[in-house]
Amino acid sequence: MLGAAIYAESSRSRQVLVRSSGEAEIMAEGDNRSTNQLAAETASLEEHFRGWGDVILVIDRVLRWEKPWFPAVVMGAVSFVFLLIYYLDPSVLSGVSCFVMLLCLADYLVPTLAPRVFGFKEWTTEQQQRFHEICSNLVKTRRRLIGWWKRLFVLKEEKPKMYFMSMISALAAVAWIGQQVHNLFLTYLIASFLLLLPGLNKHGIITKYVGMGKREINKLLKLKEKKNE
């Protein structure tokens with residue numbers, strides 16, 4: 001009887017080990033597939049943006065504030081564009097048409113003129129690596145956005161009441177903000193923040209102020225707990 005019990009226990013242990021190893025292999029296979037897919041998407045994006053590579057590298061240097069006066073350049077360019085829009089006051093159709101027209105012109109002219117303007121005849125290893133990182137980050141960002149979009153639909157299926165209340169509350173808040181602030185000025189603030197975000201993130205400014213906010217919140221919570229005691 002003792003031998004049978006030992007044999008049964010060893011059999012169960014082997015089954016657990018086999019099951020665990022099988023799950024580990026499936027997870028590893030899934031990770032490898034995801035990594036290979038990410039590499040393929042990054043390579044495809046690199047090939048697609050190859051003609052824009054010189055411009056992308058220059059814009060990346062400006063947005064990451066490699067020189068202390070680059071934030072002023074960003075804000076100056078954004079302010080000039082929005083002041084021009086404010087002065088011309090185009091209709092929605094005219095604005096969209098001009099924007100698409102500029103995109104078409106840039107798509108045609110940039111791949112031809114960029115090498116002559118910026119003079120990057122041959123990329124260094126560092127430039128090639130940075131271009132690869134930019135494309136990889138773009139692919140990862142697109143994946144995150146798609147993942148958030150899918151989670152929203154999962155929430156709709158699993159918790160429809162929470163989905164309904166969250167969407168109504170968020171959209172009502174956005175509508176109220178849009179009613180209180182001028183549309184062009186609000187767009188200017190959003191565009192400025194998004195363009196300054198890479199530099200703020202690189203120089204640790206966002207992390208610094210988020211940490212300060214968390215510390216202040218913790219202080220308030222501790223004071224509240226002391227008052228309740």
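Here is how the numbers come out for the structure above:
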read-out: Rounded to the nearest 20 debye, dipole of region 82-143 from Cβ charges on Lys, Arg, Asp, Glu; value: 220
read-out: HN-Hα J in Hz across region 105-110 - Karplus 6.51, -1.76, 1.60, θ = phi - 60°, x for Gly and Pro; value: 5, 5, 5, 7, 8, 4
read-out: Cβ-based charge dipole, region 72-203, positive-most Cα from MET75, LEU186, LEU152; value: LEU152
read-out: Estimated vicinal HN-Hα couplings, Hz - region 131-139 in sequence order (Karplus 6.51, -1.76, 1.60; Gly, Pro = x); value: 4, 5, 5, 4, 5, 5, 5, 5, 5
read-out: Rg in Å to one decimal, and Dmax rounded to a whole Å, for region 118-212 via C-alpha atoms; value: 19.3, 58
read-out: Globularity index of region 53-177, i.e. its alpha-carbon radius of gyration over 2.2 N^0.38 Å; value: 1.49
read-out: Cross-link reach list, lysines versus LYS202, counting only Cα pairs under 17 Å and skipping chain neighbours closer than eight places; value: LYS67
read-out: Proximal lysines relative to LYS161, as straight alpha-carbon distance under 25 Å, when same-chain residues fewer than 8 apart are discounted; value: LYS150
read-out: Interatomic Cα distance distribution for region 59-123, bins of 5 angstrom, percent; value: 3, 14, 13, 18, 22, 18, 9, 3, 1
read-out: Carbon and sulfur %, accessible surface of region 35-140 computed with the full protein complex present, 1.4 Å; value: 67
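The values are calculated or read from the model by the stated rules, or taken from the named source; none is laboratory data. Everything numeric here is computed off the predicted structure, so don't read it as measured data. Every residue, glycine as well, gets a Cβ built from its backbone with ideal geometry; the counts of neighbours run over all protein chains shown. Note: areas computed on protein heavy atoms with side chains; ligands, DNA, RNA excluded. Shrake-Rupley method; radii C 1.70, N 1.55, O 1.52, S 1.80 Å.
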